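Colleague: Please see the structure below; I have some questions.
FYI, it's all coordinate maths here, none of it is from the lab. Remember, predicted model here, so these are calculated numbers, not experimental data. Every residue, glycine as well, gets a Cβ built from its backbone with ideal geometry; the counts of neighbours run over all protein chains shown.
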């Protein structure tokens, strides 16, 4: 693959764009799989919490919905942040932007669809 | 190209202009006659259609101002900066930035759009509600393949492809369908709304002059959708009462059997019925109790609960 | 003779396999055309022994430039098909109560007209231009995933084929290009026509999504050194935003289509009338895709115009930053406006007002762009080439289309104008005036880069004027018909409405546009044989990197990847007398890895076609065969590590020397 | 044709094997984009399910058909498999090919357990006449959960082909890249499952 030295220098380092803010690349390099184990424990804890909350009917319906929603988002955060190595990339971790845009649009899509399909015509 | 004589040049130009005039005349003729009675949207017969027309015209004029400005600017640019020898206007290949102008054409469209947006919001909410203190005539509309069925729950009569309404009294149409989606539209009275099975949508219209108006489905629903035509006759309140009375007196009753015949995929003419089996039809006032037709589980519909 | 024999055999087969399919005269005509064209192509290929050439040079190619050419040819063919459809529609409506084609055929024709024009004309045309120039503009050797690119093309091509054979095998879809449920459910459209629609769009949609991913990654990761985001040509920017829109917008379409197909084939209850189905959700999902789709097809046109206007005004693009911000803003806002396609579904005043306002909001960045284009011309030297004529025609046309679009955002006005001819005129105004003018402009502009010769300017101008004048003659009457209450999708109308006068004029305009298309095709054929080859590679005095290359571009694009130091890089080089030949030295040239041709994309596409065909007719065995081919080719690619071929430095040296691009 | 520039030689950070070749690292970016698009597929299905949730009609209610025990089991299986595939990547980074293969096989077994449980549930449902024909709610449920299950099944098949490639070719930039993208896919499915678990099963329990 390494055929063009001129390309290797500049092109490889992503045109000298080291990334900034949340798209700065970062590689997970560990000796012991601490983060994996922490992530596993966290994910189990989050799931079991939401399950137990629902089984024992800790709150009334609406706060309960909010609570398990938050737990699910937290779980997604654990998976994306710890297991999926979100910011691993050569050069800026561009995938972060479409990913979060995707989260935003997906959430909007679901919420808006529910809102539209309620047909609250009002006034009658 | 050899240079032609002056007279000939003038003649050619004249000729060209004549031709252009003829062409323009041919094209423009129907446009000039544009305010004929065929333009149903321009001749509203009720307050709803009138408000919608007013807003349409307002938006169109507002937008036309911007469009006219853009076109004028474009023509000016093209005249000034065409690539021709000895063009006296300055050539500035590096000029690519002007903060003030850029913010100007960000702000001006925003202001114009706000001017359109505010009446839009007002009118939308206004048209969503019946006028205060009015006692609307309720008509339940069901679109079938490919015909319209109307029921007057208070008058206990039903019609097909034809309705009569009193003038100067809001009419509340409760729209539903026992067919694929259609759109209920009487252009001279006001805007359309979809009719959808399993859902009842309200729409109010009002006629403030007497007349015969056509309405049709505006949503494609199959092979004979073109024939989904109905007529609305707006009459004075006394003649409306006479009409309902005469239908109750002289027309046959609609039975479930009649209704099932209406459900077939065909077109029919006008029909008038002195009564209809109430429990058999979707309507807000009486809930859903339909047994035949295409949605047998409607008895469970949340609308009822 | 052989033709007749084949045709009779074909008719026999059709009547045996599809006995319910009654042959209409127009369908027979289409049969004759398809079979005839097929026989001509096959015999020409055999006569000149071109089969191997076709296979190795075109069917298995992964070169983005060749794929661009394939897309362009497909798009023009589909433009022809969709255009003929349009003429049939207009003929049927020319006078009251005449019916050259019957109601059912009219329904089929307007459905395929819409579907083909949006999905199988506009989209591949866009991808043709993406493929032809985007990697060149950013200084890349190819797209990020060349083989995936070929797969995208073949999925599109076989999807298009599936839709097109519907007219002769089993019946076309006839429920409109939007295919609203519940009308598309089995209860109301029992034939296979709608299956064709859903299946072909699903297949083509997968290809489109992959193209979106491909170009997004290409632009993010493959830019030449120094090509920062704010130095990218605007066409690259619009490609970026379009690709992002595709990635976000096609999934809802895929889901909507798949769910309806599941309803039709496997009796689920999503959009049916019984069992708690909710057809309104189909409409919602469809427009969740459909509105961004409008921007998917129009944003590349914005990009093309930004390139064309800068080149032919000899001037830097005015307000580059504002242009970039506005395309990004349009991309984001595009997701928040979809309900304006169904205000009359009655989701309530609050919903309607929200989406009406968001629709108006999106007009602001669009307005910014129009002013920036005009001010790019201001102070320039405008050359009236064909590409520029389309650009100039675009500005007023699109401004008017946008203005009428704002009228639809005015909810009460929408209640009267929705589903009428005013709507038809509006979206044709935007789609022809925006997208088609843009694509034709781009085609004329980049044609010399793609093929190595320019199109004839005189013929091009004739075609342009026919298009432009024909366009306004067609659609101005339609705006007025909207006010006369004519609704869309009517196959005929009685005399009493007074619609006939305007309809006659509109039909005349449509035929004028048809004449424009004929001239365009003649232009292409004439130029193919008669126009001088382009020796410089820069016929328009261009500004961006693709013009720095010879035309047609060698397979490896850049013998050495350029280093970008400025916006409008090539323009900058020309101004600073940094000629190409000065820069490239023999020892700069290295051996290169290039993607190798592969039969997988074609076979994968074929597999999808067989699968789709089996699904359409519910011939499960055939569907399983197609599925097996798909899975087999996927596994084959997984184990295929031999994706590259090497081009030696000598070979490149030789090519560059013969093009006169080498110093010494 | 290039112009002289100052080739800023930035000290190269230690890059794992799967990122060491530019072309392969681009494929990882591409796979992220695919995941975003797939996420929108699931978002569309979620919005369908959310709208259809109350359209039970004559069919069973969520509480009647959901078995919380097996759902919890499925969740635990998938969460654990997410952890094991994470461990496989960890081992891959450490160039422990054998450990990596083992973790991958464990992942596959867990995934197969998940799919088996789900198929078992579906078959039980269908045997009781609970099909997607019955109601809008069931249509939404089966297609949403079924799409996820199909994704998992596809992932398993994909990983089996990866096992062959890994055992034949060892750790190269290409094979490690493939495994890395597989792990992304697998974690992504885990996230989707968490939302299914929450919005389909737990919501069904609450309302």
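Colleague: Taking the alpha carbon gyration tensor of the stretch C:491-538, what are the square roots of 5 times its eigenvalues, largest first, to the nearest whole Å?
Modeller: 43, 9, 7
Colleague: May I ask for log10 I(q)/I(0) of the stretch B:86-202 at q = 0.10, 0.18 Å⁻¹, from a Debye sum over the Cα atoms as equal point scatterers with solvent left out?
Modeller: Values returned for q = 0.10, 0.18 Å⁻¹ are -0.51, -1.02.
Colleague: Ignore the peptide's own chain and count Cβ atoms of other chains within 10 Å of each Cβ in C:360-371; give me the average, rounded.
Modeller: 5
Colleague: Give me C:34, B:247 sorted ascending by neighbouring Cβ count inside 10 Å, so fewest comes first.
Modeller: Result, fewest neighbours first: C:34, B:247.
Colleague: I would also like to ask the following. Return the average number of partner chain Cβ atoms within 10 angstrom of each residue Cβ along peptide B:116-123.
Modeller: Mean inter-chain Cβ contacts per residue within 10 Å come to 6.
Colleague: Let me ask something else about it. May I ask you to derive the FRET efficiency for residue C:91 and residue C:32 from their Cβ-Cβ distance with R0 = 25 Å, giving the value to the nearest 0.05?
Modeller: It comes out at approximately 0.85.
Colleague: Measuring from label point to label point, each 7 Å out along Cα→Cβ, what is the residue B:89 to residue C:84 span in nm?
Modeller: It is 4.5 nm.
Colleague: Could you rank the peptides C:251-258, B:54-61, C:111-118 by their average count of other C-beta atoms within 10 Å per residue, with the highest value first?
Modeller: Sorting C:251-258, B:54-61, C:111-118 by mean packing, highest first, produces C:251-258, C:111-118, B:54-61.
Colleague: Once both axes come from the Cα atoms, what is the angle between helix C:649-658 and the longest principal axis of chain C, in degrees from 0 to 90, rounded to 10?
Modeller: Result, in degrees: 90.
Colleague: At q = 0.14, 0.16, 0.25 Å⁻¹, what is the base-10 log of I(q)/I(0) for the stretch C:179-278 according to the Debye formula with one equal point scatterer per Cα and no solvent? Please give it to two decimals.
Modeller: After summing over all Cα pairs, the log10 values are -0.63, -0.71, -1.20.
Colleague: If you find the alpha carbon centre of the stretch C:497-539 and of the stretch C:600-664, how far apart are they in angstrom?
Modeller: 35
Colleague: Can you tell me how much longer the chain between residue C:645 and residue C:99 gets when fully stretched, taken as 0.36 nm per residue apart minus their C-alpha distance, in nm with one decimal?
Modeller: The residue C:645-residue C:99 span can extend by a further 190.7 nm.
Colleague: Along its principal axes, what span do the Cα atoms of the stretch D:17-206 show, with the longest given first and each in whole Å?
Modeller: 57, 28, 24
Colleague: Suppose a student asked you for the relative contact order of the stretch D:17-206, using Cα pairs under 8 Å spaced at least 6 residues apart; what percent would you report?
Modeller: Worked out over the stretch D:17-206, it gives 37 percent.
Colleague: Would you mind listing how long the stretch B:137-277 runs along its three principal axes, going by Cα atoms, in whole Å with the largest first?
Modeller: 39, 33, 24
Colleague: Could you work out the mean count of beta carbons from other protein chains within 10 Å of each residue's beta carbon in A:21-32?
Modeller: Counting Cβ atoms of other protein chains within 10 Å of each residue's Cβ and averaging gives 2.
Colleague: Give the order of C:369, B:122 when sorted by the count of other beta carbons within 10 angstrom, beginning with the fewest.
Modeller: Going from least to most buried by this count: B:122, C:369.
Colleague: If you stretched the chain out fully between residue B:75 and residue B:263, how much longer would it get, using 0.36 nm times the residue separation minus the C-alpha to C-alpha distance?
Modeller: Full extension of this stretch gives 61.8 nm more.
Colleague: Over the stretch C:507-642, what is the relative contact order in percent, taking alpha-carbon pairs closer than 8 angstrom and at least six residues apart?
Modeller: Averaging sequence separation for qualifying contacts and normalising by length gives 14 percent for the stretch C:507-642.
Colleague: Give me Rg/Rg_expected for the stretch D:117-207, where Rg uses Cα atoms only and Rg_expected = 2.2 N^0.38 Å with N residues.
Modeller: Taking the Cα Rg and dividing by 2.2 N^0.38 Å, one obtains 1.40.
Colleague: Using a simple spin-label model with points 7 Å from Cα along the Cα→Cβ vector, what separation in nm is obtained for residue B:132 and residue D:109?
Modeller: The two pseudo-label positions are separated by 7.6 nm.
Colleague: Defining a contact as two alpha carbons under 8 Å apart and six or more residues distant in sequence, what relative contact order in percent does chain C show?
Modeller: 17
Colleague: Hey, how much of the P(r) for the stretch C:172-233 falls beyond 20 Å, as a percent of Cα pairs?
Modeller: Result for the distance tail: 52 percent.
Colleague: Among C:213, D:65, D:191, what is the fewest-to-most ranking by other Cβ atoms within 10 Å?
Modeller: D:65, D:191, C:213
Colleague: Would you kindly state how much longer the chain becomes between residue D:63 and residue D:167 on full extension, computed as 0.36 nm times their sequence separation minus their alpha carbon distance, in nm to one decimal?
Modeller: 32.8 nm
Colleague: With the radius of gyration and the Kirkwood radius both derived from the Cα set of the stretch A:32-85, what is their ratio Rg to Rh?
Modeller: We get a ratio of 1.08 for the stretch A:32-85.
Colleague: Please list, in order, the residues from the stretch B:197-225 whose amide nitrogen is less than 18 Å from a point placed 7 Å along the Cα→Cβ vector of residue B:50.
Modeller: B:204-213
Colleague: Shifting gears a bit: Determine, for each peptide in B:212-218, D:19-25, C:386-392, B:64-70, the mean count of other beta carbons within 10 angstrom over its residues, then list the peptides with the highest first.
Modeller: Per-residue Cβ counts within 10 Å, averaged per peptide and sorted highest first, yield C:386-392, B:212-218, D:19-25, B:64-70.
Colleague: Can you give the alpha-carbon Rg of chain C over 2.2 N^0.38 Å, where N counts its residues?
Modeller: Output field value: 0.96.
Colleague: With a 10 Å radius around each residue's Cβ, average the other Cβ atoms per peptide and rank D:46-59, D:153-166, C:411-424, highest first.
Modeller: C:411-424, D:46-59, D:153-166
Colleague: At 7 Å along the Cα-to-beta-carbon direction for both residue C:590 and residue B:97, put a label point, then send me their distance in nm to one decimal.
Modeller: The two pseudo-label positions are separated by 3.6 nm.
Colleague: Here's a follow-up. Can you check how the C-alpha radius of gyration of the protein assembly as shown compares to 2.2 N^0.38 Å, as a plain ratio?
Modeller: The protein assembly as shown yields a ratio of 0.95.
Colleague: Next question. Between residue C:465 and residue C:186, what FRET efficiency follows from the Cβ-Cβ distance if R0 is 60 Å, with the result rounded to 0.05?
Modeller: That pair, residue C:465 with residue C:186, gives E of 0.80.
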